[in-house]
Amino acid sequence: MNTMLETITELSNRYGSDPSFVIAGGGNTSCKDRKTMWIKPSGTSLATITPSQFLPMSRQKLDGMFLAKYPAEAHAREQIVKQLTQDAVMPGHAGRPSVEAPMHNSFEQRYVVHTHPALVNGMTCAKNGEAV
């Protein structure tokens, strides 16, 4: 586990420090084994995160989120997803896991690095982004 956290920290710091990949702390990283996923908490910068800052989460609880029943109303659904994500954080650890934790958990790869590049965000968030 220690080696995994060192590896994901190195990847986080490398991509978080390069403005062509990410703006400020944007983006997210994680690593996992069969039972636990460690993810960068919201509000933590990729460029400066340390191994001890990654939040350990129960993969079983994260998997269960895909089986849960959710209300049709968007705000109520969002509140439930946030709570279930927080509930997956292992006891004794503080921090708010990324809302992207369930997506990270669904990938089979041990390490997940995704960034929010300014050019891509600009195009996808633009009024006519789809046409571009």
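Quick note: the coordinates plus some simple rules give every number you see, no bench work behind them. Computed from a prediction, not measured in an experiment: that's the story for all the values here. With ideal geometry, Cβ positions are generated from the backbone for all residues, glycine too; neighbour counts draw on all protein chains shown.
Observations
- Net charge of neighbours whose Cβ lies under 12 Å from the Cβ of residue 101, counting Lys and Arg as +1 and Asp and Glu as -1: +3
- Environment charge at residue 6 (Cβ cut-off 14 Å; Lys +1, Arg +1, Asp -1, Glu -1): +1
- Judged by the mean number of other Cβ atoms found within 10 Å, the most tightly packed of the peptides 27-37, 62-72 leads the ranking 27-37, 62-72.
- The lysines within cross-link reach of residue 82, meaning a Cα-to-Cα straight distance under 16 Å and a gap of 8 or more places when in the same chain, are 40, 61, 69.
- Correct option for Rg and Dmax of the Cα atoms in Å [calculated from the coordinates] among (1) 14.5, 41; (2) 18.0, 56; (3) 15.5, 47: (3)
- With contacts taken as Cα pairs under 8 Å and at least 6 residues apart, region 2-125 reaches a relative contact order of 32 percent.
- Gain upon complete extension [residue 119, residue 3; 0.36 nm per residue less C-alpha separation]: 38.5 nm
- In region 7-92, the GluC sites (Glu not before Pro) that fall in loop regions by DSSP, at most 12 other Cβ within 10 Å: 73
- Environment charge of residue 34, counting only residues whose C-beta is closer than 12 Å and scoring Lys/Arg +1, Asp/Glu -1: +1
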